[in-house]
Amino acid sequence: MKLIELPTHEDRILPFYLALEEWVARNLPPDEYLFAWQVQPTVICGRHQQMHLEVDMDFCAEHGIKVWRRKSGGGCVYSDAHNIMFSYITPQTGVSGTFRRYTDMICEMLGAIGFDAKPTGRNDVEINGMKVAGNAFYSLPGRSIVHGTMLYDADFPTMSKALTPSRAKLSAKGVKSVPARVTTLKAQGIELTCDQFIGYALGFLCNEEYMLREADIAGVEEIMQTYLVDSFRLDRDTARTVQPHRVEGVGELQFSCQLSADGLIENPRLSGDFFPLKDIDSELLAHLCGIKAEREALMQCLQPLNVEQIVAGLTAEALANVILESKTNP
């Protein structure tokens, strides 16, 4: 695997590193690539999450915590200098296989320094039954991107105040709070410093390197602009508070729409921490416009769309259930 190296190491905002993943996926030859990065206190939300439901925006503004959105699915993450982010780019496609390849490598790397690390759930790594790393997935033509956290240490009080996950999400995981289900490498007794651990991890996982040139960085900064525009970064609709529904193997989904006088779906919206494989607006939601909000009509619309190829793990029947439950429980 090739290590992506920056010629300098000044502080950069989180969207730069997300753009770097895209640049690598779009511009470098097919291969496995990896890099590590850290940021000042920041919250990053999944592509289809409603920020105002997942993040205490007032607390973040008051304490100088930046809030950004990524193009991958998954849930919100709080990151700071205690947390290490890894970005993995591969020609392999498919959510489950890509996640397993990456989490197996991370577990092997942690195991080599004495941790009993195991992949768990759809995208996490645990040590002694507690989450130490979580990962999100993003698909581009012919490439897959996994970016993940690694908690070396953690500011749990700030994390708990910055993130406000739904009760449904916490209940599904059988916990009462964010810190209750996570641990850190430091808490598990790691003897390496944070910088030493980063060096060790990259050395274990990579055997070649690619040093970015000035022209490469200019290309990254051009892509970065797509993350900075308000139309991408901010919630599209903060007026609606929709009851979330958990779908096993998919995540949390919130469906909202308007209904015409004769019960036809208008302006459908789907948010949550699921992993999209295609553009859900054009490939999925556009097809629901004008469909009667009844099971038979929904299934006739959804079955030909191959919903599982648009949202990882989601079946037409499960989505129809979410839509109908949302209709009866606004």
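The values are calculated or read from the model by the stated rules, or taken from the named source; none is laboratory data. On a predicted model such as this, the values are computed, not experimentally measured, just so you know. Positions of Cβ are backbone-derived with ideal geometry, glycine not excepted, and every protein chain shown enters the neighbour counts.
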* Structure fact -> Those strands (runs of 3 or more DSSP E) completely within the stretch 1-60 that have 1 or more residues that are of a type in the set (G, A, S) and modelled with pLDDT of 95 or more are 33-37
* Structure fact -> Only unsatisfied item for E325, checking (1) in contact with a Lys or Arg (Cβ under 9 Å, 6 or more places away or on another chain); (2) over 22 Å from G74 (Cβ atoms); (3) in contact (Cβ under 8 Å) with a residue 60 or more places away in the chain, is (1)
* Among the numbered conditions (1) touching a residue at least 40 places away in the same chain (Cβ under 8 Å); (2) closer than 30 Å to E294 by Cα; (3) assigned to a helix (DSSP H, G or I); (4) not β-branched (V, I, T), tell me where S282 comes up short. => (1)
* Out of the residues in the stretch 97-119 that are closer than 19 Å to V250 by Cβ and out of contact with any Lys or Arg (no Cβ under 8 Å at 6 or more places or on another chain), which is surrounded by the most Cβ atoms within 10 Å (Cβ to Cβ)? -> T103
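Residues checked against (1) over 24 Å from the mean Cα position of the chain (by Cα); (2) more than 26 Å from L140 (Cβ to Cβ); (3) of a type outside the set (V, I, T); (4) at pLDDT 95 or above:
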residue: P268; (1), (2), (3), (4): no, no, yes, no
residue: G272; (1), (2), (3), (4): no, no, yes, no
residue: D279; (1), (2), (3), (4): no, no, yes, no
residue: K292; (1), (2), (3), (4): yes, yes, yes, no
residue: L302; (1), (2), (3), (4): yes, no, yes, yes
residue: Q309; (1), (2), (3), (4): no, no, yes, no
residue: V322; (1), (2), (3), (4): no, yes, no, no
* **Criterion violated by D104 - all others in (1) assigned to a helix (DSSP H, G or I); (2) closer than 25 Å to L14 by Cα; (3) not β-branched (V, I, T) satisfied** => (2)
* Structure fact -> Note on M85: of the conditions (1) farther than 25 Å from L14 by Cα; (2) in contact (Cβ under 8 Å) with a residue 60 or more places away in the chain, unmet is (1)
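Here is a yes/no grid of residues against (1) modelled with pLDDT of 95 or more; (2) not assigned by TED's automatic domain parsing to the domain that holds I44; (3) not in a helix (DSSP H, G or I):
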residue	(1), (2), (3)
G75	no, no, yes
R100	no, no, no
E108	yes, no, no
F115	yes, no, yes
N135	no, no, yes
S139	no, no, yes
* To do: Under 7 Å between Cβ atoms, at least 6 apart or on separate chains: pull out the pairs that start in the stretch 169-192 with a residue that is in the same structural domain as G111 (by TED's automatic domain parsing) and part of a loop (DSSP other than H, G, I, E, B) and end on any residue that is acidic (D, E) and at pLDDT 75 or above.
  => T184/D153; K186/D153
